[in-house]
1. From 156, 148, 196, which residue is among the hydroxyl-bearing types (Ser, Thr, Tyr), in contact (Cβ under 8 Å) with a residue 24 or more places away in the chain, within 20 Å of residue 70 (Cα to Cα) and in the same structural domain as residue 62 (by TED's automatic domain parsing)?
2. In the stretch 104-124, which residues are touching a helix residue (DSSP H, G or I) at 6+ places or on another chain (Cβ under 8 Å) and either among the polar types (S, T, N, Q) or within 28 Å of residue 16 (Cα to Cα) (or both)?
3. Being surrounded by fewer than 20 Cβ atoms within 10 Å (Cβ to Cβ) and of a type in the set (D, E, K, R): is that true of residue 179 here?
4. Taking the criterion of being part of a strand (DSSP E or B) and under 22 Å from residue 264 (Cα atoms), would at least one residue in the stretch 164-180 satisfy it?
5. Residue by residue through the stretch 328-351, note down the ones that are in a loop (DSSP other than H, G, I, E, B) and more than 22 Å from the chain's Cα centre (by Cα).
6. Checking the condition in the same structural domain as residue 73 (by TED's automatic domain parsing), under 18 Å from residue 168 (Cβ atoms) and out of contact with any Leu (no Cβ under 8 Å at 6 or more places or on another chain), which residue from 29, 37 passes?
7. Given 19, 26, 31, which one is of a type in the set (Gly, Ala, Ser) and more than 15 Å from the chain's Cα centre (by Cα)?
8. Search the stretch 294-326 for residues being among the small types (Gly, Ala, Ser) and outside any loop (DSSP other than H, G, I, E, B), and hand back the single one that is farthest from residue 252 (Cα to Cα).
Amino acid sequence: MRSQEPFNAEPPLDALSRSFVTPTGSFFVRSHGDVPVIDGQDWHLTVSGTGITPLRLSLAELRERFPRRSVVATIQCAGNRRAELSTVSPTLGLQWDAGAIGTAEWTGASLGDVLRAAGLGEADGLHVAFTCHDVLDHKGERVAFGVSIPARKALSPEVLLAYEMNGAELAPEHGFPVRAVVPGYAGVRSPKWLRSIEVRARPSDNPMQQLDYKLFPREIREDTADWSRGAAIDELPLNAAICDPAPGAVVPAGRVRARGYAVASGRAIARVELSCDGGRTWIEADLAARPDTPWAWTPWSADLDLRAGQHELAVRAWDSAGQTQPAEAAEVWNFKGYCCAAWHRVRVQAR
């Protein structure tokens, strides 16, 4: 539990290494306000904006009018692993470990199908803004949650208006009755509890879009940040984490099986390496990617030979573009604690 009100929680890391698809009960929960109580029978989604013939869709109409589509996709909070950045210098926000991530099978209508049905034919320079039923506090005011994505991404076939997760209707904490699922983008761009969609000439004016979820250089602090110059976080950097053994674990000396995940935004994981001496030497891990799930993480595993004593395990990944991860969290520190993609390190003791 990272906060009770609003409700935010992540699973123990070893729960993430047990299956390719994360069980709904083990999927992290990110809420910016209270979880809204919505009657699916009364819910409607409005679609409006530039180049659009307005639509008003009930849940039944969304299910019946548009082809049912599914995608297995990983969603990761931009603040995943923030706690590691806080060991360098304090950061703002929930102190997530490496569990603010999960992979599910999402089912719903293609957002592109809905936008085309409303008449959208041109995406260049346009943005798709979501407004939701959850309400959050912003500088003493109550504001409905809202974010946006470029229209070219909204029209991509993997982007859904999802009404099911892992074969069942969405749980309240995961967005019932309908949420957006935007594979390859930070979790904030997959908003829950949708109320309306607007096609616009510019990104959403909502504070969550304009005054949060932006990346700044290391020298910038909260009191010196010019939010108009921060880089909006859409795609996330290449990342990898050790899920098992856990930090501080005591393991038998000898052969130890390590497991974890690696993830890249829209690119394949080419290689994962594991070190048991803090990064001086490395071995290559076995990958368990599924070729039919390009928007999902890549689980990995490796057998380590640990002598009795203390060991610092570390993991790093390469993607299909030849990119790899920085070694130290200090290299990617920022005051909001976003996009921690340094080598993930875990200290264990072998006996």
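The values are calculated or read from the model by the stated rules, or taken from the named source; none is laboratory data. No experiment lies behind these values; they were computed from the predicted model shown. Cβ placement follows ideal geometry from the backbone for every residue including glycine, while neighbour counts extend to all protein chains displayed.
1. None of the others qualify; the one that does is 156.
2. Selection gives 104, 108, 109.
3. Judged against the criteria, residue 179 is not a match.
4. For the stretch 164-180, residues part of a strand (DSSP E or B) and under 22 Å from residue 264 (Cα atoms): present.
5. The one that is in a loop (DSSP other than H, G, I, E, B) and more than 22 Å from the chain's Cα centre (by Cα): 351.
6. Only one candidate passes the filter, namely 29.
7. Among 19, 26, 31, only 19 is of a type in the set (Gly, Ala, Ser) and more than 15 Å from the chain's Cα centre (by Cα).
8. Among residues in the stretch 294-326 that are among the small types (Gly, Ala, Ser) and outside any loop (DSSP other than H, G, I, E, B), the one farthest from residue 252 (Cα to Cα) is 317.
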